[in-house]
Structures are given as structure tokens and as C-alpha cells.
């Protein structure tokens, strides 16, 4: 079966949340079907991992051509200057489409998709986010169409608006959410299948789309790469990992620094915090310089030593959507995790069994103390966490499920049964 994967990002390297999902699903899918890739190359996702953007692009294309038959990579239309993004955001208020679509608008990209389908007659075309759906063309009616939802974008925008204190930003996120929700209603019904990260996201869509063509293909983890360490962890080490220019992660790490840290140190002065992730905000970098034991590492090429040394993984994310891949990585690594329930949406975890929930400074401190004072319970939670990740989030089994689903969807479309 021939598949065209249309993406808003180059799925390489597999180093961060959205990159991990797209990378591993594409890699697994290519084991079962012939896959072509057309993608936008976002500097913000490529540059942190390489000496230069060009070096990263060359390495990415080399790897991707080893698993895909054809690879076409385009520079992201809004890359190059912050002014370009600001103009796109402003003009999106009065344009036909919202910013979610406009930042990916490219005539050359459209022409290349159309040419690739005309020349190869794909059985299925995968659109990797709602913002790419306007590239769908009536000439593609002979192919099954899949739309992947990394989040319920409208729900995430409404949640962001509700948490935003700046009234201008609050208005912008809310109106963007309204317009994106309209797109979701339109395109989720048009496509042959919708892919979500969790049953919760599927339920949220079904509630307003009123269609049953949703299937959960969860985020996953390489269970051989992420596994419990052999060394005993440092009894005072806490850990947070996440790309630090993504707004839910920024909110989370600022909570750790400006809300939790001083209160925690006043009660447990021996604690050490490791913050790992590319592009940390300036105020967090400065906080780390001024506060001993609060270590802001930025991007690191190998996160295994940080997982191995950490006694507890903290994830106070209370915004965003989808499922949080770093939580899954922590579970697979056999870590005791304390997290906001929002950070665990769609993961099927159980408070007190394979994770601990917390939503306030006092709750985080209480749960940290609890795990330090009860090592037997902590070890039990660690084991249950690993078992949960292995049983539900192995990328190999998830990729097989996606490949089989796409084959059945393409067959139904070919028979005219969709």
C-alpha cells in the first residue's frame, strides 16, 4: 500500500515530544507500507540538536530516505523572523483561515503534494495536523484521508485562554479556538479516519463533531531505550524534562522555580532539582544561577543519566493537550512520578498505584516527603509505572496497530464503503 505522510515538521531527530510521536509512527508504518514524506522544516525544532540548521537538515533527510521512498522538505513559511510570525498572527484575525492554518501556507507545498499524488496515486494520505487540511484537494478523492490530532487544538486554545491573564492574548487565543473548532467540525467529518493520542481526546472530539470515525493511536515509548537504571538513584534528586519554549512546559517550570522551590527547600534543604530541556526561558536560567541546587541544564544529548540519578520525576503541567511523552518516558524508566492530573490525561494511570497526583505546592511537598519516607511504596510505584508503560505504550505495537488500521481504511475507501 502507498502512503503519503504530510507533516508540519521534519520528524527527526527523535528527541522531543511531537518529534518522538511522528518519528516513531512514521518509522513503524514504513515497515509495513511504502511511505513518501513531504514536510515543513521548522528551525525551532531542528537547530537545538545540531551545530547548524543545514547540518540537521542533511542528517534528517539521510535518515528519512532510509525509511521513506521519497522525501520532500520545505522551509517553514513563517521561519526567518519574528516579525513574519507577528504579521501572520495579526492578519489571521481578518483572513479566511486562522493562524493555525496560515503559518503553514505555501503554494509550492500545495503544488508538490498534488504532483506527488498525481504521479504515485496513493492509497492513503496522512495529514499530521488540522492546520494542513486545507491542502486537501478534490483530486485526492480516490485516496483514503487520515487526520492526526496531536491534541484537540480547539480545546487546548480554550484552556490556554482561560489561564491567560493578559486580556489581549486571552481574546486572541479564544477567537483562534472558536475558528479552529469550526475547522475541526468540518474536516473531521470529511476524512476517512481521525487519529487521536488518547480515548479522552477522542471523546472530546466526538462530543462536538458527532462522528464515530475516531481511533486512538497513543503516544508511545521505546521501551528498550527507556528502562530502569542499574544504579541506585540519588535520594535527593528531582527531575523535570521538556522542551522549554513550549508554553505548557514554561508554565510548569516556572511553577517549580517560583512557587515550589523555596517552600520545598525550607522543609527539605537537601533537595536538588535538575531542569533539562532545550531553550529554557531567561528568567529560569537566571533563577538557576541565583539558587544553589536548582540546575538548569538546557538541551542535553543523553537524558539517561538524569533519569537514572533522579529519585522522583515531577510534572506540574496543567495546560496543553494530548498526552505528555516525557511522562510516558519517566514511567518506562521506572521512576516515581508526581504530576498534575492534567499532565496525565489519556495515560490511564491510577493515583497511588503507578503515579501520584498533586496540584498545589503543599501537595507536591507532601507527596515528595511521602515517597522519601516510604521507600517500599516508592519501589512498588516504580515497578507499576514500568509495567504500565510496557503494557500500553510500546511503539512497536502501536505502529503495528496504525499500519493495520490504515490498510483497513484504504480497503474500505477503495470499495466505496466510507
Relative contact order (%) - criterion: Cα under 8 Å, at least six apart; region: segment 237-392: 22 percent
Among 355, 94, 250, the residue with the largest mean-square fluctuation in a Gaussian network model of the chain built from Cα contacts under 10 Å is 94
Across 167, 103, 136, the residue with the highest GNM fluctuation in the chain (Cα network, 10 Å cutoff) is 167
Report, in cubic angstrom per residue, the convex hull volume of the C-alpha atoms of segment 171-219. 78 Å³
Quick check on the chain: of the DSSP beta bridges with both residues there, what percent are antiparallel, nearest 5%? 0 percent
Label-point gap, in nm, between residue 93 and residue 166 - each point 7 angstrom along Cα→Cβ: 1.3 nm
Quote the relative contact order of the chain in percent (integer), defining contacts as alpha-carbon pairs under 8 Å separated by 6+ residues. 16 percent
Cα centroid separation - segment 253-284 against segment 1-26, whole Å: 32 Å
For a paramagnetic label modelled at 7 Å from the Cα of residue 259 toward its Cβ, which residues of segment 298-320 fall within the zone defined by backbone nitrogen distances under 11 Å? 316-319
Label-point gap, in nm, between residue 32 and residue 279 - each point 7 angstrom along Cα→Cβ: 3.3 nm
Gyration tensor over alpha-carbon atoms, segment 144-240, equivalent ellipsoid semi-axes in Å: 33, 23, 9
Using alpha carbons only, how many angstrom separate the centre of segment 56-70 from the centre of segment 138-188? 30 Å
If you stretched the chain out fully between residue 69 and residue 404, how much longer would it get, using 0.36 nm times the residue separation minus the C-alpha to C-alpha distance? 118.6 nm
Taking the 0 to 90 degree range and rounding to the nearest ten, how far is the long axis of helix 199-209 tilted relative to the main principal axis of the chain, both from C-alpha atoms? 50 degrees
Selected from 147, 200, 331 as most flexible by GNM, with the chain as the system and alpha-carbon contacts under 10 Å: 200
Mean-position separation - Cα centroids, segment 375-392 and segment 192-214, in angstrom: 30 Å
For the chain, calculated [θ]222 nm from helices alone, where every DSSP H run of n ≥ 4 adds -39500 (n - 2.57): -14500 deg cm²/dmol
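What ranking of 46, 271 emerges when the number of other C-beta atoms within 10 Å of each C-beta is taken as an exposure proxy, fewest first?
Neighbour counts put them in this order, fewest first: 271, 46.
Computed FRET efficiency, Cβ-Cβ of residue 362 and residue 112, R0 60 Å: what is it to the nearest 0.05?
After rounding to 0.05, the efficiency reads 0.65.
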Between residue 290 and residue 210, with labels modelled 7 Å along Cα→Cβ, what's the label distance in nm to one decimal, could you check? 5.4 nm
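Pairs of alpha-carbon atoms within less than 8 angstrom and 6+ residues apart define the contacts here; what relative contact order does segment 242-334 have, in percent?
Once divided by the residue count of segment 242-334, the mean separation gives 32 percent.
Bear in mind that the values in this text are calculations on the coordinates, not laboratory data. Not measured: the values here are computed from a predicted model. We place every Cβ from the backbone using ideal geometry, glycine too, and count neighbours over all the protein chains shown.
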